[in-house]
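Take a look at the structure set out below.
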Amino acid sequence: MSIFLTLFRRELGTFFFSITGYIIIAAVTALTGMSFVVLLQNLGNDPTTVPVTEMFYGTYYFWLIILLSTPLITMRLFALEKAAGTFETLMTTSVGDAQVVLAKFLAALFFYMVAWLPLLGCLFIVRHFTRQVAALDVHTVGGMYLGIFLIGCLFLSLGCFASSLTRSQMAAAMISFVLGVGLFSLGFLALALPASSETSTQVIAYFNLFNQMHDFARGVVDTRSVIFYVTTTFLFLFLTLRVVESRRWK
Amino acid sequence: MIEVSNLTKRYAGRTAVNDISFTVARGEIVGLLGPNGAGKSTTMRVLSGFMPATSGTVRVGGLDVFHDSDEVRRRIGYMPENNPLYPDMRVREYLKYRARLKGLGWKKSRDRVQTVMEQCGLTDVGRRVIGQLSKGYKQRVGLADALVHDPELIILDEPTIGLDPHQIRTVRALIKSLAGKHTVLISTHILPEVEMMCGRVLIMLDGRVVASDTPENLQRRMAGGSQVIAEIAAPEADLRAAWENLAEVLQYDLTPCEGEFFRCALTPRDGKDLRPLVFALARQNGWALRELTRSRHSLEDIYVQVTKPATEEAE
């Protein structure tokens, strides 16, 4: 456990003691802020009863942040260690493969959640100026953050996997971006397909990130989508672990 | 301490290490010598437990490095090629981090970090960022990292590469001071280094161990071919006649020097020492003799001779 905590602290340190970490936070904050400017303009023109969180998720900025920030956060995790050779020094200490994968993933997740904190500030500003308490309650905000957390888990585990495949950070970022956009497009496909009882359509419907996030943003937590995110996250973490272990294969 | 038997490591389509066997006793400093690509680094990576062998077994302290990987890793301090470090960390912070990863407790790691920093001369730079240190200091940080958990076996892959002569001397002295207490395996292609530090040399070539002995023994083995150099002032014809008539001389070579002197390079038959004979001859004929030496083969000659076929093929 103490080895895991040491690894976790070190990984967090590389996020918070480096300029790249703050650039990512600044970029996420800027995009969040821009989306709220757009959102407030819309609100000014057209009063609505829809919760602010639901409107926010509907802007493209939200998905832009998810799709762009996760590859940037995760690209360094394994690729840099492999390129610098520190992967060798790391893996010849008493650490276990699973500890390394989990520590890197959780540190990335922690950093990702920190990068989303400015969103709370935006929500409070909206609440203050609209004087509409009902538009923004604990449940919708909680649901939204749960959604952000789960989507983050999925995309970050995907990024971990991409980073473990290569020595080049650029390649890692591109692989995870392409995989992420692919997953995201499946959601579009699900939207475009007419609802039917066919197995393929129903399977694709599970990948509809849009609808799932829509529920979360309204404060509705659907266990089906929670299970979807948790299992896919575990799948990609497992794949990452296998890649890390693969150097021991004969 | 180390028992390697029939170790083979194949990468996709290429055999890096081909069926090698050797043992290293506790407390020995052994040098792994060989040209680039001979399989030194691969051997060390397998020893350190980073990669498994394709076939064969490697045991450290009686434990198999693959099956008892955790326990073996605890006993090994490994510094890979090019000494990879985290450039963004501070020296003390890095060593502490490494000590914790190697399973030392909080207090133990603090004490050990202090000890190795003193041992490696790092106390002045404890708060400096590693990326800003000179190469010599970085190398010492790498060494301190290998030593921090007080391992029984220390594996150093080219520890003095890229250092200036002064830094090399410091690092060498440090490694030499480890003898007896720790077993050390060093890879290098710098020959004087091995002669100075190591009790035993393993010469690797094309993935095989081609020679394994003490530097002195290797030199003795080669002494049979050692030449005697004599500088004598005499008429050239007399000298030639003298060497022709001397049964002990297998081959000779004359080079005129300044004045009347000739430099004679004599190769003895059966490794006999020619010096007394040459002196007797000079006294008999009243020749002036100003130099008489036997050239000893340095490790370099042995190395060149042992690794020659490969070099020629490559050319």
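Which one, B:104, A:18, B:29, projects farthest toward the positive side of the charge dipole computed for the protein assembly as shown from Cβ point charges (K/R +1, D/E -1)?
B:104
Which listed residue (A:188, A:30, A:87) has the Cα farthest towards the positive end of the charge dipole for segment A:2-248, taking +1 on Lys and Arg C-beta and -1 on Asp and Glu C-beta about the Cα centre?
Selected residue: A:87.
How tilted is helix A:2-16 with respect to the longest principal axis of chain A? Cα atoms for both, answer in degrees (0 to 90, nearest 10).
That works out to roughly 60 degrees.
Calculate the mean, over all residues of peptide B:281-287, of how many other protein chain Cβ atoms lie within 10 angstrom of the residue's Cβ. Write out the running numbers ahead of the final one.
On the way: counts 0, 0, 0, 0, 0, 0, 0.
Per residue, the number of nearby Cβ atoms from other chains is 0 on average.
Tell me, which residues of segment B:72-101 get at least 50 Å² less accessible area when the other protein chains come in, versus the chain alone (1.4 Å probe)?
In segment B:72-101, residues shielded by partner chains: B:73, B:84, B:86, B:97, B:98, B:100, B:101.
What's the average, rounded to a whole number, of partner chain beta-carbon atoms within 10 Å of each residue's beta-carbon in A:239-246?
The mean count of partner-chain Cβ atoms within 10 Å per residue comes to 0.
Check each of the chymotrypsin sites (Phe, Trp or Tyr not before Pro) in segment A:104-172 and keep only those in coil by DSSP with at most 10 other C-beta atoms within 10 angstrom; list them in order.
Numbers: sites: A:105, A:110, A:111, A:112, A:116, A:124, A:129, A:145, A:149, A:155, A:161; in loops: A:116.
Hits after loop and neighbour filter: nothing returned.
Quickly rank B:284-294, B:233-243, A:170-180, B:29-39 as a protection proxy: mean count of other C-beta atoms within 10 Å, highest first. Write out the running numbers ahead of the final one.
Values: B:284-294: 13.0, B:233-243: 15.0, A:170-180: 19.0, B:29-39: 22.0.
Output ranking for B:284-294, B:233-243, A:170-180, B:29-39: B:29-39, A:170-180, B:233-243, B:284-294.
Let's see if you can work this out: charge +1 on each Lys and Arg Cβ, -1 on each Asp and Glu Cβ, no other charges. What is the dipole magnitude of segment B:2-221 about its Cα centre, in debye to the nearest 20? Let's see the in-between values first.
Numbers: 33 positive and 24 negative charges, 129 e Å.
The calculation lands at about 620 debye.
Determine the gain in length on full extension of the stretch residue B:253-residue B:196; use 0.36 nm per residue of separation and subtract their C-alpha separation, reporting nm with one decimal. List each step's numbers first, then the result.
Numbers: separation 57, 0.36 × 57 = 20.52 nm, distance 3.26 nm.
Full extension from residue B:253 to residue B:196 adds 17.3 nm.
Roughly to the nearest percent, how much of the accessible area of segment B:71-124 is carbon and sulfur, given a 1.4 Å probe? Don't skip to the answer; put the middle values down first.
Working: 1080 of 2420 Å².
Reported share for carbon and sulfur atoms: 45 percent.
Please calculate the 1.4 Å probe accessible area of residue A:153, with all protein chains present, and give it to the nearest 10 Å².
10 Å²
Name the residue farthest towards the positive end of the dipole of the protein assembly as shown from the options B:188, A:70, B:11, assuming +1 on Cβ of Lys and Arg, -1 on Cβ of Asp and Glu, about the Cα centre.
A:70
Quote the charge dipole size of chain A about the Cα centre in Debye, to the nearest 20; the model charges only the Cβ of Lys and Arg (+1) and of Asp and Glu (-1). Before the final figure, lay out the partial values.
Working: 14 positive and 11 negative charges, 134 e Å.
Magnitude of the dipole: close to 640 debye.
Heavy-atom accessible area per residue, chain A, 1.4 Å probe: how many Å²?
Working: 11640 Å² over 250 residues.
The answer is 47 Å² per residue.
So what is the calculated 222 nm ellipticity per residue for chain B, using -39500 (n - 2.57) for each DSSP H run with n of 4 or more, over all residues, to the nearest 500 deg cm²/dmol? Don't skip to the end; give the middle numbers.
Numbers: 12 runs with 117 residues, N = 315.
Rounded to the nearest 500, the figure is -11000 deg cm²/dmol.
Show me, for segment B:159-164, the HN-Hα J-couplings you get by feeding each phi into the Karplus relation (A = 6.51, B = -1.76, C = 1.60, θ = phi - 60°), rounded to Hz, glycine and proline as x.
Result, rounded to whole Hz: x, 10, 5, x, 9, 7.
Report the label-to-label distance for residue A:224 and residue B:124 in nanometres (one decimal), using points 7 Å from each Cα along the Cα→Cβ vector.
Distance between label points: 7.0 nm.
For chain B, give the share of DSSP beta bridges that are antiparallel, in percent and rounded to the nearest 5; count only bridges with both residues there. Show your work: numbers first, answer last.
Values: 39 of 58 bridges.
Approximately 65 percent, going by the DSSP bridge assignments.
Can you pull the accessible area of residue B:150 for me, 1.4 Å probe, Å² to the nearest 10?
It works out to around 80 Å².
Cα axis of helix A:118-130 to longest principal axis of chain A: angle in degrees, 0 to 90, nearest 10?
10 degrees
Relative to the longest principal Cα axis of chain B, at what angle does helix B:236-245 sit, 0 to 90 degrees, rounded to 10?
Here the helix axis deviates by roughly 80 degrees.
Once you list every other residue whose beta carbon is under 11 Å from the beta carbon of residue A:11, what net charge do they have if Lys and Arg are +1 and Asp and Glu are -1? Mind dumping the intermediate values first?
Working: positive: A:9, A:10, A:76, A:104; negative: A:81.
Computed value for this residue: +3.
Give me the distance in nm between label points sitting 7 Å out from Cα along the Cα-to-Cβ direction at residue B:240 and residue A:18, one decimal.
The answer from the label model is 7.5 nm.
Determine the dipole magnitude for segment B:1-96: charges of +1 sit on the beta-carbon of Lys and Arg, -1 on that of Asp and Glu, nothing else is charged, the reference point is the Cα centre, and the result goes in debye to the nearest 20. Don't skip to the answer; put the middle values down first.
On the way: 13 positive and 10 negative charges, 38 e Å.
I would put it at about 180 debye.
Considering only Cα-Cα distances, which of the following residue pairs are longer than 23 Å: A:104/B:102; A:104/B:135; A:82/B:176?
A:104/B:135; A:82/B:176
Send over a whole-number figure in Å² for the accessible area per residue of chain B, probe 1.4 Å.
47 Å²
Nearest 100 Å² is fine: how much accessible area is buried between A and B, summed over both sides, with a 1.4 Å probe? Display every interim value, and only then the final one.
Working: alone 12830 and 15880 Å², together 26340 Å².
Buried area between the two chains comes out at roughly 2400 Å².
Can you give me the % of accessible surface on segment B:1-68 that is carbon or sulfur? Probe 1.4 Å, all protein chains present, nothing else counted. Before the final figure, lay out the partial values.
On the way: 1190 of 2660 Å².
Solvent-exposed carbon and sulfur of segment B:1-68 make up 45 percent of the total.
Using the basic label-point model (7 angstrom from Cα toward the beta carbon), what is the residue A:200 to residue A:110 distance in nanometres?
Output for this residue pair reads 4.5 nm.
The values are calculated or read from the model by the stated rules, or taken from the named source; none is laboratory data. In this text the structure is predicted, and so the values were computed from the model without any measurement. Counting neighbours? That spans all protein chains shown, and the Cβs are built from the backbone with ideal geometry, glycine included. Please note that ligands, DNA and RNA were not included when accessible areas were found on the heavy atoms of the full protein model with its side chains. Shrake-Rupley method; radii C 1.70, N 1.55, O 1.52, S 1.80 Å.
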